[in-house]
Amino acid sequence: MKRVRGFTLVEVMVALAVVAIALPALLLALSQQVDATAYLRDKSLARMVAANKLVELRILSRARQDLPSGERSGVSTMAGRDWYWWLNSTPTVSDNLLQFEIDVAATERPEEQPLFTLVAYLSSDFRGESGVVNESP
């Protein structure tokens with residue numbers, strides 16, 4: 001007579017315990033990966049909004065032959081979402097050079113950390129091409 005060998009109840013319970021411990025850890029890792037991907041997507045879009053504002057600033061400055069001063073803010077739409085931006089210009093040691101800082105966030109609350117900050121230096125000397133850009137995360 002042949003004996004049919006199978007799993008005992010203890011072996012099945014141990015296997016279920018291992019799966020019960022491993023599955024939530026796997027789901028947590030997957031959830032963190034999805035969150036990180038969404039954050040990187042938002043950061044990339046915020047960078048594009050800041051770059052667009054800088055290009056717009058350069059075009060308008062060149063057309064008007066004048067650099068704007070002070071603070072400005074507004075909303076831009078990109079990828080079907082509204083992005084809030086703040087532009088701040090400050091003078092530098094050089095007479096004809098201004099520093100522009102463009103902060104971009106997904107919400108309109110300025111007290112929150114912006115997703116992206118773009119710092120650029122533009123010259124008020126419109127005879128030649130000017131501008132230095134520094135991106136900070």
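The values are calculated or read from the model by the stated rules, or taken from the named source; none is laboratory data. Nothing here was measured: the structure is a model prediction, and the numbers come from that model. Note that each Cβ is placed from the backbone with ideal geometry, even for glycine, and that neighbours are counted across all protein chains shown.
Looking only at the stretch 104-137, filter to residues that are surrounded by fewer than 12 Cβ atoms within 10 Å (Cβ to Cβ), in a strand (DSSP E or B) and over 13 Å from the mean Cα position of the chain (by Cα); which one of those is modelled with the highest pLDDT? This residue is 134. Residues in the stretch 60-103 that are polar (S, T, N, Q), within 20 Å of residue 44 (Cβ to Cβ) and either out of contact with any strand residue (DSSP E or B) (no Cβ under 7 Å at 6 or more places or on another chain) or exposed (fewer than 12 other Cβ atoms within 10 Å of the Cβ) (or both): 77 alone. Answer yes or no as to whether residue 82 is at pLDDT 90 or above and of a type in the set (D, E, K, R). So residue 82 passes the test. Being over 20 Å from the mean Cα position of the chain (by Cα) and of a type in the set (A, V, I, L, M, F, W, C) is the filter here; which residues of the stretch 50-76 pass it? Within the stretch 50-76, 57, 59, 60, 63, 67 qualify. Of the set (1) among the β-branched types (Val, Ile, Thr); (2) touching a residue at least 24 places away in the same chain (Cβ under 8 Å); (3) more than 20 Å from residue 113 (Cβ to Cβ), all apply to residue 49 but (3).
With assigned to a helix (DSSP H, G or I), among the hydrophobic types (A, V, I, L, M, F, W, C) and either in contact with a His (Cβ under 6 Å, 6 or more places away or on another chain) or closer than 16 Å to residue 102 by Cα (or both) as the only criterion, which of 22, 51, 17 stands out?
Numbers: 22 fails: either in contact with a His (Cβ under 6 Å, 6 or more places away or on another chain) or closer than 16 Å to residue 102 by Cα (or both); 17 fails: either in contact with a His (Cβ under 6 Å, 6 or more places away or on another chain) or closer than 16 Å to residue 102 by Cα (or both).
Within the list 22, 51, 17, the selection yields 51.
When only residues in the stretch 5-59 that are among the hydroxyl-bearing types (Ser, Thr, Tyr) and surrounded by 10 or more Cβ atoms within 10 Å (Cβ to Cβ) count, which is farthest from residue 104 (Cα to Cα)? Taking the candidates together, the pick is 31.
Of the residues examined, residue 61 is one that is assigned to a helix (DSSP H, G or I) and polar (S, T, N, Q).
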